[in-house]
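Participant: Quick one: the structure is below, questions incoming.
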Amino acid sequence: MFEVDFLPVENDNQDGGKSGDAIAIHFTVHAEQRQAVVVIDGGRGYTSELLVDHIREYYRTNVVDLMISTHPDADHLNGLAGVVEALEVRELMVHQPRAHARDVSDFSNLEALDELLDKAKARDVLVTEPFTGESRLGDQLTVLGPTSTYYEDLLAQQLWEAKHLTASATASRGLWQQGINLLERAVDWLPGETLTDAGETSHRNNSSVITLLTVDGQRMLFTGDAGIPAMTAAADQYENTYGSFAAFPLSFMQAPHHGSKRNLGPTILNRILGMPNSPFGSSTIALISSAKAAPKHPSPKVVNALKRRGCFVGATEGITICHSSGALARPGWGTLQPLPALVEDDDEA
């Protein structure tokens with residue numbers, strides 16, 4: 001049995017944010033013959049209440065066995081402290097920059113990270129760091145990346161850039177731009193491949209924890225905001241541990257960074273899902289956490305690339321999505337319709 005829930009993370013008027021990640025998972029730990037709850041990221045501050053209510057209502061528990069913070073961006077981390085306060089969290093896996101660098105005073109969102117750690121320690125939550133090879137819950141949950149060495153390299157680059165580079169004034173332009181309804185971009189045909197391997201994301205995003213969950217032989221990949229280098233390293237770890245993706249395909253994957261074209265390219269997609277003409281990912285469900293008010297998320301190029309490789313593609317866009325097997329039916333919940341092929345813009349981010 002498993003239930004994987006992607007909760008909607010929408011615009012937050014307090015910090016001007018758009019998309020974010022808040023994922024709750026309920027599944028059977030076979031070796032222990034019990035059910036467990038895992039939270040991967042908590043969205044923004046207000047999202048914690050949504051997560052707590054969801055876990056109590058649908059999982060019928062106040063216990064979170066494991067909470068993972070993929071990386072310290074506000075749209076992923078800030079909601080976790082509220083979950084720690086409201087529920088019994090047994091373990092928090094989070095990277096701790098203070099343990100890997102002497103001076104982290106320029107580290108972005110450090111105050112929220114410190115608050116999360118302080119609240120966890122005050123409640124006797126076990127705090128650990130998620131690096132490649134760590135496994136939990138009967139080895140059904142495994143960290144595929146980053147390695148500690150890769151994380152420290154990325155952290156050093158983050159800190160150097162924060163100290164020496166000035167943020168571009170254009171970074172906040174269009175922050176409140178009205179989102180475009182994805183269905184308004186639908187087309188009746190699947191355009192040819194335009195996604196390239198040239199996309200680059202930040203060092204911070206590449207430090208995201210990449211996690212594999214296996215339940216009843218189904219392999220589910222959670223990616224945070226990881227980019228192409230991080231995804232490639234995680235694919236190496238997957239193949240070294242389990243075998244090729246063709247022999248042991250993914251049943252589910254989270255498209256990283258809310259479906260941004262900067263985080264995926266055809267080479268990594270061909271590797272983990274198969275070539276467009278002969279995909280072994282044809283039964284893979286690909287979900288995207290994207291806000292209605294985020295005009296660049298998800299990228300139509302990414303949606304179409306996933307569909308081209310046979311994936312069922314869905315996006316939160318203001319609603320909670322549940323991917324489940326063997327779980328109790330939820331009264332009032334409907335069936336998610338896959339995203340159609342989308343028209344692409346040459347200037348999309």
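Throughout, read-outs are computed from the coordinates displayed, never taken from laboratory work. Since this is a predicted model, take the numbers as computed values, not measurements. Here the Cβ positions follow ideal geometry from the backbone for every residue, glycine too, while neighbour counts run over all protein chains shown.
Participant: What shape does the chain have by the C-alpha gyration tensor, where a ≥ b ≥ c are the square roots of the eigenvalues, rounded means a/c under 1.5, and otherwise prolate means a/b greater than b/c and oblate the rest?
Facilitator: rounded
Participant: Moving on to the next point. Report the residue, chosen from V29, V187, V89, that carries the largest GNM mean-square fluctuation when the chain is represented by alpha-carbon nodes joined by springs under 10 Å.
Facilitator: Largest GNM mean-square fluctuation: V187.
Participant: Of all DSSP beta bridges in segment 1-160, what percent run antiparallel (nearest 5)?
Facilitator: Rounded to the nearest five, the antiparallel share is 60 percent.
Participant: Counting alpha carbon pairs within less than 8 Å and at least 6 residues apart, what relative contact order, in whole percent, applies to segment 1-97?
Facilitator: Across segment 1-97, relative contact order equals 25 percent.
Participant: How far is it, in nm, from the label point at N62 to the one at A246 when both lie 7 Å from their Cα along the line to the Cβ?
Facilitator: Here the answer is 5.2 nm between the modelled labels.
Participant: Between D197 and L110, what length comes free when the chain is fully extended (0.36 nm per residue of separation minus the Cα-Cα distance, one decimal in nm)? List each step's numbers first, then the result.
Facilitator: Working: separation 87, 0.36 × 87 = 31.32 nm, distance 3.17 nm.
Here the segment from D197 to L110 would lengthen by 28.2 nm.
Participant: Sum up the charges of everything whose Cβ sits under 12 Å from the Cβ of P340, counting Lys and Arg as +1 and Asp and Glu as -1, but leave P340 out.
Facilitator: Net charge around P340: 0.
Participant: What's the extension gain from E134 to A329 if we count 0.36 nm per residue and subtract their Cα-Cα distance? Could you put the intermediate results ahead of the total?
Facilitator: Numbers: separation 195, 0.36 × 195 = 70.20 nm, distance 3.29 nm.
Once the chain is fully extended between E134 and A329, it gains 66.9 nm.
Participant: Can you tell me the mean projection area, over all orientations, of the convex hull of segment 11-80's alpha carbons? Units nm², please.
Facilitator: Projected over every direction and averaged, the Cα hull of segment 11-80 covers 4.8 nm².
Participant: Could you tell me what percent of the DSSP beta bridges with both partners in the chain are antiparallel, to the nearest 5?
Facilitator: 65
Participant: Further question on the same structure: Once you list every other residue whose beta carbon is under 12 Å from the beta carbon of H30, what net charge do they have if Lys and Arg are +1 and Asp and Glu are -1? List each step's numbers first, then the result.
Facilitator: Working: positive: R34; negative: E32, D139, D216.
Surrounding charge for H30 is -2.
Participant: May I ask for the Rg/Rh ratio of segment 201-349, computed from Cα atoms with Rh as the Kirkwood radius, given to two decimals?
Facilitator: That ratio is 0.95, to two decimals.
Participant: Could you tell me which of T147, V37, S251 has its Cα farthest along the dipole of the chain towards the positive end, charges placed at Cβ (Lys, Arg +1; Asp, Glu -1), taken about the Cα centre?
Facilitator: Result: S251.
Participant: Per DSSP helix of 4 or more residues, -39500 (n - 2.57); summed, then divided by the residues of the chain. What does that give at 222 nm, rounded to the nearest 500?
Facilitator: The per-residue figure over the chain is -7000 deg cm²/dmol.
Participant: Can you bin segment 43-195 into rounded, prolate or oblate? Criterion: square roots of the alpha carbon gyration tensor eigenvalues sorted a ≥ b ≥ c, rounded for a/c under 1.5, prolate for a/b above b/c, oblate for the rest.
Facilitator: In terms of gyration-tensor shape, oblate.
Participant: Further question on the same structure: Of the residues T194, T232, T241, which exhibits the maximal mean-square fluctuation in a Gaussian network model of the chain defined by a 10 Å Cα contact cut-off?
Facilitator: T241
Participant: Give, rounded to the nearest 20 debye, the magnitude of the charge dipole that the chain has about its Cα centre when Lys and Arg contribute +1 at Cβ and Asp and Glu contribute -1 at Cβ.
Facilitator: Working: 27 positive and 45 negative charges, 120 e Å.
For the chain, the charge dipole is close to 580 debye.
Participant: Which residue, A122, A156, A24, tops the fluctuation ranking in a GNM of the chain built on C-alpha contacts under 10 Å?
Facilitator: In the Gaussian network model the winner is A122.
Participant: Under a point-charge model restricted to the Cβ atoms of Lys and Arg (+1) and Asp and Glu (-1), what is the dipole moment magnitude of segment 57-173 relative to its Cα centre, in debye to the nearest 20?
Facilitator: 60
Participant: I'd like the FRET efficiency for M275 and R102, computed as 1/(1 + (r/R0)^6) with the beta carbon distance as r and R0 of 56 Å, rounded to 0.05.
Facilitator: Efficiency for this residue pair is about 0.75.
Participant: Oh, and also: Express the relative contact order of segment 60-214 as a whole percentage, based on alpha carbon pairs under 8 Å and six or more residues apart in sequence.
Facilitator: 27
Participant: Taking a label point 7 Å from the Cα of W160 along the Cα→Cβ vector, which residues of segment 96-124 have an amide N closer than 19 Å to it?
Facilitator: Residues 97-98, 100-108 fall inside that zone.
Participant: May I ask which residue of S207, G274, W160 lies farthest towards the positive end of the charge dipole of the chain, with charges of +1 (Lys, Arg) and -1 (Asp, Glu) on Cβ and the Cα centre as origin?
Facilitator: G274
Participant: Also: May I ask you to derive the relative contact order of segment 124-165, considering only C-alpha pairs under 8 Å and at least 6 residues apart, and to give it as an integer percent?
Facilitator: Relative contact order here is 28 percent.
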